[in-house]
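Before any comments, here is the structure.
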Amino acid sequence: MSSAPDATLNAEYFDGRSAQAHAVQLRVQGHELLIDGDGLALRAPLKRVRWPERQRHGARRIVLDDGTIVRCADAAAFDRFARAVGAGDSITVRAQQSWRWTLAAVVLLIALVAAGYRWGLPAAARAVLAFVPAGVDERVGDGAYQSIASWLLKPSTIAPDRQRLLRSEFERAIARAHPRGVGHAVRLQFHAAPRLGPNAFALPGGIIVITDELLQRLPERNDVVLGVLAHELGHVRQRHGMRLLVQASLLGAATSMAFGDFSNLLAAAPALIGQLGYSRDFERDADDEAIALLRANGVSPLVMVTLFEAITRPLPRPGAASGNTSGAPAASAASSPREASARAQSAEFGIAFSSHPPDDERIARFRAAAAR
Amino acid sequence: MSEDATITPDGTATVEAPAAAAPAAPPGGYRLAMRFSGSGSEYFRIWIVNLLLILVTVGLYYPFAKVRRLRYFYGNTQLGGEEFDFHGSPWKMLRGFLLMAAFAGAYALATNASPWAALVALVAFAAIWPALFRASLQFRLANTSWRGLRFQFLGTTADAYRAMWPMLLAMFMYLGAAAFVQPKGQAAAGEPPAAMVVIMLVGLVLVMLLMPWFWYSIKRYQHGNYALGPMRTELRAKAGSFYGVFLKAAGLALLCMVPMIIVAIGGSVLAAILGSGKSKGAGPVIGFVLFGGAMVLSYVVMLVVAGAFVTSRLQNLVWGSTRGRDVKFASALKARALAKLTAKNWLLTVLTLGLYIPFARVAKAKLLIEAVEVTTRHPPQVLTAALRGMGGDAAGDAAGDLLGFDVGL
């Protein structure tokens, strides 16, 4: 390998005004690149010279400060010259030249994507949401309610007296647990929903829907119903629906950046709310909120355990007016009736209460809260 | 550096007549082949490092990644044995990128706030789109060099508006009315206003009817304003040729659906017959699976075949009718080859969960680029340019990303 001071390289120079190549010789002297030959004698400060990234094919090109180009078709000779004069590859280039580093980048990338999805995305969504006024929640929630109502919900057949009673009890319970308000206008809606079965769900902005099918399974247990509503109120207060939306939008933005096209994910907001499904974290937060509200109203968190039993049991009265006719074959319940019915009822609507089959962890949580 | 300057100050530099010493030009002119020497495995490493850095910097590395990608692709694209180079400054592009990101965010917010806000955003967007389009081309061309000469895009903003306004109007009718017909987040307002539905439908029909003309108009604007030194191009195609390509593509798409529909119907009939004899539940399920599978498959086949057809025919049409006083282009891209490659690229991209993307991009670039050939009347060395260093506006380049258009090739 030649030593630094007298390393030279034969190359072509393009002056940017003519397409004619000038045969030149390159040398480095001090902090300057010297370009000599064909009537030219140019000096360029090394700092302002853009060296090429090393690649397998094609000529090497140095771009000078003024946009003119030095080209060398002999890549191997160029690389020797560059190394001799100390113009090594940048860290980025060295990383991508080595397969080991590339592999490391792949692994790191996967780890980053996973970590970003698990922690970064929720944190970012929460930060973004801090700048979104509550009025937006309401508009989004109202829009989602209308589209959901048109394909899933029917008018309620619950006696008006019971509706009124539940409303007032819920309002009183909220006032007792959150004396300073919950930040959203909570609107309780009763609906028959044969396709959702015994269920309840919350939308951004304060709409909470509870199905007739659920109320029919809890005829005399308004305390249990209160537990359900408290859980849904937790989703509203923590703005889970909006967080889900923002997360989906951020995710869309990130993937479109990586794969190169922008699509308007927000346009699909109503459909998204229904289908994404709350995460386990969201369910846990909402459960905590439910426990807090129940305790503030002197109701034992054990009512939620009663609830899980009620919604996973087949209807007690066969031949009920608006019973669950399609799903949950009670006869073939040999394996696990709980799972079968939960899956049959909730597969099509992600955020509905029973879409996450109540697992032992959640039941244990309510039991522990009751024991405290 | 000043010994060979035969330049006029106004930028209309001249090609020096072939000197007496030069041999007589070959009868067909000088044929310059396009070659692409990029390699999938090499670009994979650039791509993965770029992706990583973009993620680590929460997106801010994007312009730098883009510059490295363009330098790689340009540096591996040879015309007559000489590579292209990209000179855009990533720092300038970062500014443009941030500007456009803010704009896109504001637009997304506005479209979701209310129909009126969406309408205002749409008008604003339509109003600046042609200007952004022009800025994007100007930046890209001004920062692309070959043999040390910078390209130029000479199209004016006024011409950009002239080329685009009919389509913008039609799209505005459709999207603007649609914002009122399907109000998001509005209280239940009953039936959408009938006038809006009519405007929306008229807009939609217009958009579809105008699409080929729009392509023609945009391509004429683009290809009529490329310049390298004294060479300037123009597009000598007719709008009718574009309608021909799009009509044939529509026919091809329909043709793709026919065998699949037959398979689907036959499958469900067969399943129904089988199902009636045997256990009761299986028949409809098999029919449904066959039908659904056939539909999905036919859709994918349609996208691949019709997409490859349109891409190849348009490239051949556009470049085949692009010429200047001393230069002409030709493109011989085969739809069949492109369809095969696209099918392979999609399949492998899905199977590798996206890791095949860089290989797919390189393979596609090679096929598209090497189909093109350039013929010049004078040897390319004698080209001279007057002005240098018109950088263009970096915001324009980011706008090109946002709107999803590229110089093509």
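In a fully extended conformation the segment linking B:Trp116 and B:Leu270 would gain 50.1 nm over its present Cα-Cα distance, using 0.36 nm per residue. Spin-label model, A:Arg284/B:Ala158: points 7 Å from Cα along the beta carbon direction are separated by 6.6 nm.
Extending 7 Å from the Cα toward the beta-carbon at both A:Glu361 and A:Leu112 defines two label points whose distance is 2.9 nm. Entry comment: accessible area of segment A:63-216 is 49 Å² per residue, from protein heavy atoms only and a probe of 1.4 Å.
Between B and A, buried accessible area from a 1.4 angstrom probe totals roughly 4900 Å², ignoring ligands, DNA and RNA.
Shape of segment B:54-185 from the C-alpha gyration tensor: oblate (a/c of 1.5 or more and a/b not above b/c, with a ≥ b ≥ c the square roots of its eigenvalues). Spacing of the modelled spin labels on B:Tyr243 and B:Val300, each 7 Å from Cα toward Cβ, amounts to 3.6 nm. Taken residue by residue and averaged, Cβ atoms of other chains lying within 10 Å of the Cβ of B:38-48 number 5. Across the cross-link table entries B:Lys248/B:Lys344; B:Lys248/B:Lys340; B:Lys238/B:Lys340, which are compared at the Cα atoms, the separations over 22 Å belong to B:Lys248/B:Lys344; B:Lys238/B:Lys340. Seen from A:Val49, the other residues with C-beta closer than 12 Å to its C-beta sum to a net charge of +2, counting Lys and Arg as +1 and Asp and Glu as -1.
The values are calculated or read from the model by the stated rules, or taken from the named source; none is laboratory data. It should be emphasised that the depicted structure is a prediction, and the values quoted were computed from it without experimental measurement. Reconstructed Cβ throughout: ideal geometry from the backbone, glycine too, with neighbour counts over all protein chains shown. Keep in mind that these areas ignore ligands, DNA and RNA; they rest on the heavy atoms of the full protein, side chains included. Shrake-Rupley method; radii C 1.70, N 1.55, O 1.52, S 1.80 Å.
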